[in-house]
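Read through the structure below, which is laid out as structure tokens, and then see the notes.
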Amino acid sequence: MADVKMTDRLTVPDEVVYRDLGGDTVILQLETGIYFSVDEVGTEIWKDVQAGATLQTSFDRLLAVYSVEADVLRADIIKFAGQLVAKGLAVVAR
Amino acid sequence: MIQLTARGVIERAGDDLATLAREFASRRCLVLPALLEPSLVARIQQEIDRSPLYERRHGAIAAELCMPENTCLGLLHFLVNDSALFRTIEDITGRRPLTRFHGRVYRRIPGRDHFDSWHNDVREGRAVGLSLNLSTAPYEGGVFEIRREGGAALGAIANVGPGDALLFDIEEGLEHRVSPVVGAHAKTAFAGWFSATRDYLAVLRHDPSLRQEGAV
């Protein structure tokens, strides 16, 4: 898993395209032809990534929306962001 | 109008939907300029040029080169099967619901006996046709024409702008063709049909040209 911190901001590489397919987000890596489905919460984080938000900003927003423990949400965001980076769907802009 | 980009569908300044809907109702076809963003057009043109193409003959209707199922074709389907594009096409054409686009990449080369005869596409729930121009240079000929069966042309369009999309109506009694390509340059297009036969997401899971690797 890639090392990602809550203060990080992710960006989307040129070789990645994505689509809203009726509520589901599907992200396609052009170099590999491999695509990934993202669930509802992941889609919310993905929208924040596109908007240039830090993971902390995403955390603050989602904590206000979803009934979830802060530690659980934080861990989920770190895990999700780490997967995005590991799979080449996003890079950390430091 | 809208544009398909790597980052989803974006709205651009241009004719409003009501104007386009009136044009479509009258001519049964129209062009959506630069539907595909230039960087994606360039990328896809390179992929097509690297791909093998096979001769495809569709009875007496058409003969052309065709690109096999590959990642490039998967990308094109991925880009066009967008819910925002579906809603826009529904508003322009009045055909709804649209849930899926399925097409092929073809190339017609001058002097190679490639042709397209008058025909309609009324089958498999096809409601609206679209042809996205992916030619690397402006071609001559290759004019799309649509008419009532045996009647005068309702519309005739040479869709030569890179990334421009020709939209055309499909219904009983309407037929269309594309005139022979002449001159020095080939015509290459991603052409197919919008329908409500299956949801694209369900189709995507069985698309051999793209591979799913777990949910993120």
B:ARG43 fails exactly one of (1) surrounded by fewer than 20 Cβ atoms within 10 Å (Cβ to Cβ); (2) away from every other protein chain (no Cβ under 14 Å); (3) farther than 26 Å from B:ALA202 by Cβ, namely (2)
Restrict the check to region B:136-156 and report whether at least one residue is closer than 22 Å to B:LEU79 by Cα and of a type in the set (A, V, I, L, M, F, W, C). no
Scanning region B:154-174 for residues that are in contact with a Lys or Arg (Cβ under 8 Å, 6 or more places away or on another chain) and in contact (Cβ under 8 Å) with a residue 60 or more places away in the chain, the one farthest from B:HIS185 (Cα to Cα) turns out to be B:LEU174
Condition met for B:TYR200 (within 30 Å of A:ALA90 (Cβ to Cβ) and not aliphatic (A, V, I, L, M)): yes
For A:ARG74, indicate whether it is modelled with pLDDT under 90 and farther than 30 Å from B:PRO208 by Cβ. no
If we scan region B:128-135, do we find a residue that is more than 22 Å from B:ASP15 (Cα to Cα), away from chain A (no Cβ under 14 Å) and surrounded by fewer than 16 Cβ atoms within 10 Å (Cβ to Cβ)? no
Mind listing whichever residues of region B:6-23 are within 17 Å of B:LEU36 (Cβ to Cβ) and loosely packed, with under 15 Cβ neighbours inside 10 Å? B:ARG7, B:ILE10, B:GLU11, B:ARG12, B:GLY14
Can you run down the residue pairs with Cβ atoms below 6 Å, 6 or more apart or on separate chains, where the first is in region B:187-216 and within 14 Å of chain A (Cβ to nearest Cβ) and the partner is surrounded by fewer than 17 Cβ atoms within 10 Å (Cβ to Cβ) and outside any loop (DSSP other than H, G, I, E, B)? none
Can you pull out every residue in region B:24-39 that is more than 14 Å from chain A (Cβ to nearest Cβ) and buried (at least 17 other Cβ atoms within 10 Å of the Cβ)? B:PHE24, B:ARG28, B:CYS29, B:LEU30, B:VAL31, B:LEU32, B:ALA34, B:LEU35
For the structure I just gave you, tell me whether A:THR11 is among the hydroxyl-bearing types (Ser, Thr, Tyr) and at pLDDT 90 or above. yes
How many residues, within region B:46-70, are modelled with pLDDT under 90 and within 14 Å of chain A (Cβ to nearest Cβ)? 0
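The values are calculated or read from the model by the stated rules, or taken from the named source; none is laboratory data. Because the structure is a prediction, the values reported are computed rather than measured. Neighbour counts are summed over all protein chains in view; Cβ atoms, including those assigned to glycine, are modelled from backbone coordinates with ideal geometry.
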